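Sharing a structure with you now.
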Amino acid sequence: MSLQPHPISLPDVEFEAFELLNFGSLEVPAEPVRFGFQIDLTPSVLLSQVVFGLVQKGRKPGKQERVGFAVRLDLDRGEIWDMVNNSGLIGWIEEPQSYISAASQEPILLSIEVERIGSALLPKLQVGGEEWLYPAVRCMEPLEFIAVAGCGSPHSEGLDMFGNPAVWTETPKKA
């Protein structure tokens with residue numbers, strides 16, 4: 001599936017400082033399933049803040065919080081911050097400067113993979129070769145997510161640094 005990214009604005013205050021692209025959507029049933037979003041980021045010395053993840057298109061009536069898995073990468077400090085679930089700092093990148101040094105032009109894989117088991121959504125985050133378990137979320141109903149990635153507003157030219165997006169869903173085989 002070829003994904004044609006297009007600009008998107010999310011109403012959440014956490015996303016206001018970022019220029020975002022929508023890389024597609026996916027529907028997640030209320031049954032066991034694995035799903036995710038991955039994208040390559042070509043590093044730049046100008047790029048210090050990156051956002052990527054899966055978020056709901058909008059809030060359902062009666063719901064206060066949006067279900068989703070999105071992180072902000074602070075490449076200067078090596079910090080990984082949760083953008084949706086109020087979990088705060090969720091990890092550190094071992095060598096963040098290697099990602100933005102002028103010598104490094106290899107793409108960095110950014111990936112969020114989520115497994116739904118019962119009412120639990122269990123996410124795993126990958127930045128380059130490093131992995132973290134993202135805080136789990138409880139949700140009983142089917143969901144629709146959009147895959148987003150972006151960078152800080154002063155560096156909107158960084159939106160060209162995203163490539164090879166993939167949004168996927170995989171239903172486990174029954175034994």
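The values are calculated or read from the model by the stated rules, or taken from the named source; none is laboratory data. Note that the structure is a prediction, hence the values are computed from the model and not measured. When we count neighbours, we look across all protein chains shown, and the Cβ atoms used for this are built from the backbone with ideal geometry, even at glycine.
In the stretch 80-108, which residue that is within 14 Å of Ser48 (Cα to Cα) and part of a loop (DSSP other than H, G, I, E, B) is modelled with the lowest pLDDT?
The qualifying residue modelled with the lowest pLDDT is Ala102.
Against the definition (of a type in the set (Val, Ile, Thr) and either more than 19 Å from Arg66 (Cα to Cα) or at pLDDT below 90 (or both)), how does Ile117 come out, yes or no?
Spelling it out, Ile117 is indeed of a type in the set (Val, Ile, Thr) and either more than 19 Å from Arg66 (Cα to Cα) or at pLDDT below 90 (or both).
Suppose we keep only residues that are assigned to a strand (DSSP E or B), more than 14 Å from Ser111 (Cβ to Cβ) and not hydroxyl-bearing (Ser, Thr, Tyr) within the stretch 151-169. Which one would you say is modelled with the lowest pLDDT?
Only one residue tops the list, namely Gly152.
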